[in-house]
Amino acid sequence: MDTDRERTAGPRTLVFRAGTAAAVLLLAAACSSSGGTNPTPSPTATTQAGTPPAASPSASGSVAAAACGNGTPPTVSGSGPADTAGAAAKVATDYAQFFDPATSASTKIGLLQNGTAFAPVMQMFGKDPQAAQTTVSVTAVNFTSATTADVTFNVCLSGTVALPGSKGKSVLDGGVWKVGDATLCSLLQLKAGATKIPGCS
């Protein structure tokens, strides 16, 4: 019966399922660390499930590498910081580090806007076996002011794009470009469903 339902499910339903699954994996990566202490979740990220660009078999490897991060700097737009390219590089680095499951919980909290307020929430979420294979690659940074930016990033699983074109925020706080708490809240809400997330409006 489940097979019949899957056969009748439209493309939108399948894309939604894939996008949600990828977002949950990303959340697991954000809330896990190699230090033994479950990391802390953060606020709202608006994710957009899309379809990865098609590539020929011979080019698929290089396309995946570029989309999942190989040192390629993100596209930069907007204005605010004196050095937009340098600031964008920091945004990309901090995003990747925050969602890296190998990053310690204390470091994640420092890379998240209002991080300490979400420490208890992050401990509510367990680890996922696939979290260690999940990474984030920032593809574009649009500065909306000297201290804020809109971020576009890909969620990758084992080096392959699982959730392209995800949207988030970055905020300059204490000299650090932190992941916007709203970004994490959106991911948390995907996992929690209708349950209200403490600290998220």
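The values are calculated or read from the model by the stated rules, or taken from the named source; none is laboratory data. Since we're looking at a predicted model, the values are computed, not measured. Cβ atoms come from the backbone with ideal geometry, glycine included; neighbour counts cover every protein chain shown.
Worth a mention:
- Hey, T148 in contact with a Gly (Cβ under 7 Å, 6 or more places away or on another chain) and farther than 13 Å from P74 by Cβ or not: no
- Taken over the stretch 159-175, the criterion of being touching a Lys or Arg at 6+ places or on another chain (Cβ under 8 Å) and not polar (S, T, N, Q) is satisfied by V171, L172.
- Selection within the stretch 146-173: residues that are out of contact with any strand residue (DSSP E or B) (no Cβ under 6 Å at 6 or more places or on another chain) and at pLDDT 95 or above. The member of this set that is surrounded by the fewest Cβ atoms within 10 Å (Cβ to Cβ) is A146.
- Condition check for T116 on (1) modelled with pLDDT under 85; (2) surrounded by fewer than 23 Cβ atoms within 10 Å (Cβ to Cβ); (3) closer than 18 Å to T103 by Cβ: one failure, at (1).
- Test result for F143, more than 11 Å from the chain's Cα centre (by Cα) and either under 25 Å from C68 (Cα atoms) or modelled with pLDDT of 80 or more (or both): yes
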